[in-house]
Amino acid sequence: MSTTSSVGRPLRCLTITLQADWRAALRQAGARATADSYQGEFLNFESPGVFFSRLSERRWALVRAMQGQGELAVRELARRVGRDVKRVHEDVQTLIELGLVERSESGAVICPFSEVHIDMRLRVEPDRVVQKTEQGLAA
């Protein structure tokens, strides 16, 4: 796989994680930052609720519409997704705050990531497993 795009920009990868322990997520990010080669970039959310409140379906549609398209004016992005410019601008601001989108010197917006991976795990904690007994179900 090439490490640069067809226009000479380095390819960037973002992994989105859900980890309640933000300190552990920060330690992991620090360990990756000391690696000799590019390990990708990471964005962590503390819970599925926070993740889904910040990255709505409409915001994901904006990210998808921008991927691989280079710099776009917000008005052009709104036209491409068939939405109101003001609402797209608001959503782009949130995406910029999260780091999924960047603003260029000219004021246009760009999604710098050639790949976005979501690492979401739902795991049952041992103390929440329901045990089946001879007399029925017990918690």
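Readers should treat all values here as calculations from the given coordinates under stated rules, not as data from a laboratory. Keep in mind that this is a model prediction, so the values were computed, not measured. Quick reminder, even Gly has a Cβ in these numbers, built from the backbone with ideal geometry, and neighbours come from all protein chains shown.
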Expressed as a whole percent, how much of the Cα-Cα distance distribution for the stretch 33-90 exceeds 14 Å?
65 percent
With the crude spin-label approximation of a point 7 Å out along Cα→Cβ, what separation in nm comes out for Arg123 versus Arg23?
1.8 nm
Take peptides 47-54, 68-75 and line them up by average Cβ neighbours within 10 Å, highest first, as a rough protection proxy.
68-75, 47-54
